[in-house]
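The values are calculated or read from the model by the stated rules, or taken from the named source; none is laboratory data. Just so you know, these numbers come straight off a predicted model, no measurement behind them. Every residue, glycine as well, gets a Cβ built from its backbone with ideal geometry; the counts of neighbours run over all protein chains shown.
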Amino acid sequence: MQMYTGSPLPVTITTNPSQLGVEVTYVGRNGTDYQASSTPPTQIGTYFVTVVVNDNNYRGSSTGPFIITTNMVNLNYMPILPFH
């Protein structure tokens with residue numbers, strides 16, 4: 001999960017061994033309108049991410065949800081008292 005910034009928000013990917021080539025695809029889900037794309041999304045919503053290793057010596061893939069959410073704000077307020 002990442003907080004909305006208005007900028008593209010890519011997933012963080014780690015491979016073992018490190019620095020293997022990967023292809024990443026994002027697609028909207030659960031009402032989020034986002035066609036399959038390698039471009040990281042910018043809008044608040046739920047996405048499905050697929051990562052595929054692109055290397056001649058290694059194979060692998062992973063899929064999972066990716067959520068961009070609004071900033072959480074805590075509000076403190078005082079009760080409004082009647083004015084006399």
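Please work out if V24 is farther than 19 Å from T5 by Cα and more than 15 Å from the chain's Cα centre (by Cα).
Spelling it out, it is not the case that V24 is farther than 19 Å from T5 by Cα and more than 15 Å from the chain's Cα centre (by Cα).
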Original post:
Quick one: in the stretch 31-84, which of the residues that are of a type in the set (S, T, Y) and closer than 17 Å to G6 by Cα is modelled with the lowest pLDDT?
Top reply: T70
Original post:
Does any residue in the stretch 46-73 that is acidic (D, E) come within less than 6 Å, Cβ to Cβ, of a residue that is surrounded by 10 or more Cβ atoms within 10 Å (Cβ to Cβ) six or more places away or on a different chain, and which pairs are these?
Top reply: D55/L20; D55/G21
**OP:** Would you check if there is a residue in the stretch 15-23 being touching a Ser or Thr at 6+ places or on another chain (Cβ under 9 Å), of a type in the set (A, V, I, L, M) and closer than 25 Å to N71 by Cβ?
**Re:** no
**OP:** Return the pairs, sorted by first residue and then second, in which the second residue is modelled with pLDDT of 90 or more and not acidic (D, E), the first residue lies in the stretch 11-32 and is exposed (fewer than 12 other Cβ atoms within 10 Å of the Cβ), the beta carbons are less than 6 Å apart, and the residues are 6+ apart or on different chains.
**Re:** G21/N54; E23/V52; E23/N54; N30/T46
**OP:** Give the number of residues within the stretch 29-46 that are outside any loop (DSSP other than H, G, I, E, B) and more than 12 Å from T69 (Cα to Cα).
**Re:** 2
